[in-house]
Amino acid sequence: MIPKALKQIHPLAWTIIIGTMFGRLVTSMSIPFLAIYLTSTLGVSATTTGLIVAASSLAGVSVSFYGGYISDRIGRKKVMLVSVFCWAAVFFGFAAASEIWMFFVVNVLNGLCRSVFEPASRALLSDTTPPEHKLLVFNLRYAAINIGVVFGPIVGLRLGSAESLLPFVVAGAVYIVYGLVLVLQFAAHRSVLTVRHEAAPPKIREAFAVTSRDRIFLPVLIGTTFCVLGYGHFSSTLAQYLSLTPSLSNGKELFSYMLAMNAAVVLIVQYPIVKTVSRFRPVVPLILGNALVSLSLLMFGMGNHLVLLMAGVFVFTIGEVLMFTMMDILIDRIAKPEWKGTYFGTIGFNNIGNVMAPIVGGLLLDRFALQSGFAVFAPLALLTALGLPFLLAAHRRLTVREAAEGRSDAGVTNHSA
C-alpha cells in the first residue's frame, strides 16, 4: 500500500520532505557542535555557552505562534520564501562570527527563522495531503530529518565542526538552493497556494483565545514542553558533559557517533513503532516517550562506559520516536482546518523546554561535571518526568471528547502508515 500512497503525495510536499532532509544534514553537521566549539575552542564557560545555545530556542518561542498565524493570514508561500533565504544568511553569519556577542545574535536569528519557516511548512504539508495519507507524509518528514542527522554529525566531524566554522558556509549554501527550488515549485503549483476554507483565518486575539482554551491542546502543550526539555539535553548538556568529563578522553568523537546512532536507530524503528502506536490515541506515545527519555537521562548520568552510553542512546531514541512521530498528527487532528498554521505555530511554545535545557544543564555542569555525572542528569530526568501528569490529563480528555463524538479508538488511519 505504501508505494501506491507515495504516488499520491503532492510535489510541494515532496519538496518539503527532501528539503528537510538536506537542511537537517547541514544543520546537524554544524549546530550540535556549536556548544563544543564555544566551550573547547573559545574557552567559554558552560553556563555562558548554555545561554547562547538557549537564545535560539527563546527567540523561536517568542515568534513561533506568529509564524504559524501569519502563514494562515497571508499564505504559506510568502512566509516560507522570506524565512528560508533569511535562514541561509544566518548560517553565513555563524561562519563570520568572531566574538561571543556575535554568536548570541546569529543564534537568536537562527531561532527566529526556524520558528517561522517550520510551522508554515508543516501546515503546507497538511494543506496538500488528503487525510488518509497524512500519517505517511508527516512520518516521511520525520524520517527525512533523521536521514540527514545520520550523516550530518559524521560529515561535520570530518570537516572539523568542533574546531571550525566552515560547515556553516556549506549550510548557508544548501539553504539557498532549497529556497530556489521552493521558488520554482511554488511557481509550478500556484493553485494549491490559496488555502480554500469555508471560514476566514482567525484574528490574532481570537487565535490566542481558541488555543489557550482548548482543554486537550493546553495540557498537550505543557506536557510536551517537559518532553522537549528532556530531549534538548541530548544536543546541549550531554555534548558538553562528554567533552568536559575527565573519565572520557574522546568525548567529542564519541558524541558525533552517538548523534549518528540516534538517527540510525530512528530510521530502523520508526516504521514498526508508528505501525504499532497508530492503533492508539496519539497522546499515548507521548506518555511512553516521556518516560523513556527520563530513563535514558539517568543512564547517561551513570554512563562512564561506552556500552551504557550507547544503551542510553537506544532508550532515548525509542522515547524520541514515541514522542515526536505522532505529534504532528495529534495537532492536525485537534485543529480546525482554517487554524492549522496557528496550532502548528502555537505548539512551538513547547520550545521553552529547549530554552531551559542548556541553561539548567549548564548550571549543573559547572557545579557537578567534574565530580558526578549522576548529579547532573538525575535532576534533569526528574524535570522531564513532570510532563507525565499533563499528558495523562490530555489523554483522558481526548478519550472523553472522542467518545462523545462517536469516534473509534484508533489513533489514525492505519493503511497509510
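Annotations
- Look at the dipole of the chain built from charges on Cβ: of Val149, Leu288, Gln371, the Cα furthest out on the positive end belongs to Leu288.
- Between 0 and 90 degrees, the angle of helix 134-158 with respect to the longest Cα principal axis of the chain falls at about 20 degrees.
- Volume per residue of the C-alpha convex hull in the chain, rounded to whole Å³: 123
- Normalising by residue count, region 243-340 has a Cα convex hull of 113 Å³ per residue.
- Between Phe374 and Val307, the simple spin-label model (points 7 angstrom out along Cα→Cβ) gives 1.9 nm.
- Hull-based mean projected area of region 252-302, where the convex hull spans the alpha carbons, in square nanometres: 4.2
- Here the Karplus relation 6.51 cos²θ - 1.76 cosθ + 1.60, evaluated at θ = phi - 60°, turns the backbone of region 99-105 into coupling constants of 10, 4, 5, 5, 4, 4, 5 Hz, with x for every Gly and Pro.
- Extension reserve of the Glu253-Lys78 stretch, reckoned as 0.36 nm per residue once the Cα distance is removed: 59.0 nm
- Note on the chain: Lys pairs 8 or more places apart or on different chains, Cα atoms under 26 Å apart, count 21.
- Split the chain at each of the GluC sites (Glu not before Pro) in a DSSP loop with at most 12 other beta carbon atoms within 10 Å, and the longest piece is 199-417.
- Applying 0.36 nm per residue to the separation of Ala96 and His189 and subtracting their alpha-carbon distance, the gain on full extension is 29.8 nm.
- In region 2-405, Cα pairs under 8 Å separated by at least six residues give a relative contact order of 29 percent.
- Projected area, mean over directions - region 289-358, Cα convex hull, nm²: 5.3
- Given the chain, longest segment not containing exposed loop trypsin sites (Lys or Arg not before Pro) (DSSP; at most 16 other Cβ within 10 Å): 1-195
- Magnitude of the charge dipole for the chain, about its Cα centre and with charges confined to Cβ atoms of Lys, Arg (+1) and Asp, Glu (-1), is about 980 debye.
- Within the chain, helix-based [θ] at 222 nm, where runs of 4 or more DSSP H residues each add -39,500 (n - 2.57), nearest 500: -25500 deg cm²/dmol
- Farthest positive-ward along region 46-125 dipole, Cα basis, beta-carbon charges - from Met102, Leu58, Phe85: Phe85
- FRET efficiency for the pair Arg367 and Lys4, taken as 1/(1 + (r/R0)^6) with r the Cβ-Cβ distance and R0 = 60 Å, rounds to 0.60.
- Length available on full extension from Ala209 to Glu405: 0.36 nm per residue minus the Cα-Cα distance, which gives 68.3 nm.
- Distance (nanometres) between label positions extended 7 Å along Cα→Cβ at Val177 and Lys275: 3.3
- With the charge dipole of the chain set up from +1 on Lys and Arg Cβ and -1 on Asp and Glu Cβ about the Cα centre, the Cα lying farthest toward the positive end among the listed residues Leu267, Phe186, Gly353 is that of Phe186.
FYI, it's all coordinate maths here, none of it is from the lab. As the structure is a computational prediction, the values presented were derived from the model and not from experiment. Cβ: placed from backbone, ideal geometry, glycine included. Neighbour counts: every protein chain shown.
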